Amino acid sequence: MAGGGDSTRAILFALGANFAIAVAKGVAAFFTGSSAMLAETVHSLADCGNQGLLILGLKQAKRPPSPDYPLGYGKAIYFWSFLVAVMLFTVGGMFSLYEGIHKLQHPEPLKQWWWAAGVLAFGIVAEAISMRACLQEVDKARGQRSLWQWFRESRQAELVVIFGEDLAALLGLVLALGAVMMTVVTGNPIWDAIGTVSIGALLIIVAVFVAIEVKAMLIGQSVDPLRQQQIREFLDARPEIARVISLITLQLGNEVMVSVQAQMREEHSVAGLTEQINTVERAMKQAFPEVRWSFFEPDHKPAA
């Protein structure tokens, strides 16, 4: 999307970080027996699969329109993004809750805790690098808006998902490290179980918020309010248009459909009216490259 962040870059950073962290966590979980580490290992592996699904979704969304899909396949990325949110909820969140509750009922002492602490510290650094790359792309898209406002208004489903995943992963790593250190300091393995439950709750909360946003895109949202305002201001400023009566936009992945009803200044010549409409549409698509389809309806029919 024009003015949006580079989703592919953010996805690749997240994929690289999660794969490295998953390997390191798996080794540490094996040697320490930490349930928090095991939960984080599963979380990182699930994230790797999730990022693969997002890449698949981006590829499918670029397929050209066909007779069966005249407006293209752009919304395919919404389906895969929603599926990622579901996996984050089930594979990540629910598994962590199950593991944490099990450990609460049957606490087990940590073995070789320094493995867990070292890997978690490495994971925090790697995930922070991924989060930084994601935020760089988010900053390109959000303008002067807060992160929360961007999250609620963004139409880049894949970037919303990556942001949610990176945030949950980074906070989860911090929780896991805190749980391990509290277990070491107090000698009570219950802290490890509490850390695991906390990670599960965190993943479920993030997954629900991400799913809510992506669901809205799946149903069919307009472009984000900032872009909608820019398109309207562009149309209002065109000399060919006397008055914009209605403006309807529909976000279709990274492409946009625009429908405009306007009172044109030329009302007496069919040829003149047609030329004005064509001029406005060409200028609009040049100013907003994401606009793939435009439908223009003049308010008054010119005299024959």
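The values are calculated or read from the model by the stated rules, or taken from the named source; none is laboratory data. Keep in mind the model is a prediction, meaning the values are calculated, not measured. Neighbour counts run over all protein chains shown; Cβ positions are idealised from the backbone, glycine included. Accessible surface is based on the protein model in full, side chains and every heavy atom, while ligands, DNA and RNA are left aside. Shrake-Rupley method; radii C 1.70, N 1.55, O 1.52, S 1.80 Å.
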Practice problem: Mind jotting down the distance between the C-alpha centroids of segment 182-236 and segment 145-171, whole Å? | Solution: 7 Å
Quiz item: Pick the calculated mean projected area of the Cα convex hull in nm² for this structure from (1) 17.1; (2) 26.7; (3) 18.3?
Solution: (1)
Self-check item: Neighbourhood net charge (11 Å Cβ-Cβ; Lys/Arg +1, Asp/Glu -1) for TYR73
Solution: +2
Practice problem: Any chance you could run the full-extension gain for ARG232 through TRP293? It's 0.36 nm times the residue separation minus the Cα-Cα distance, nm to one decimal. | Solution: 20.4 nm
Practice problem: Quick one: accessible surface of VAL185, probe radius 1.4 Å, all protein chains present, in square angstrom to the nearest 10. | Solution: 120 Å²
Practice problem: For the chain, with a Gaussian network of springs between Cα atoms less than 10 Å apart, report the residue from ALA126, ALA46, ALA287 with the top mean-square fluctuation. | Solution: ALA287
Quiz item: Helix-derived [θ] at 222 nm for the chain: sum -39500 (n - 2.57) over DSSP H runs of at least 4, divide by residue count, nearest 500?
Solution: -23000 deg cm²/dmol
Quiz item: Taking Cα atoms, how many degrees apart are the long axis of helix 35-61 and the longest axis of the chain, rounded to 10 and kept between 0 and 90?
Solution: 20 degrees
Quiz item: Of the beta bridges DSSP finds with both residues in the chain, what % are antiparallel, to the nearest 5?
Solution: 60 percent
Quiz item: Residue-wise, which Karplus ³J(HN,Hα) couplings in Hz belong to segment 19-29, taking 6.51 cos²θ - 1.76 cosθ + 1.60, θ = phi - 60°, and x for glycine or proline?
Solution: 5, 5, 5, 4, 4, 5, 5, x, 4, 5, 4
Quiz item: How far apart, in nm, are the 7 Å Cα→Cβ label points at ILE219 and VAL23?
Solution: 4.4 nm
Quiz prompt | Estimated inter-spin distance, ARG9 and VAL208, nm [label 7 Å along Cα→Cβ] | solution = 3.4 nm
Quiz item: Got a sec? What order do MET182, MET257, MET284 fall in by accessible area at 1.4 Å, biggest, i.e. largest, first?
Solution: MET182, MET257, MET284
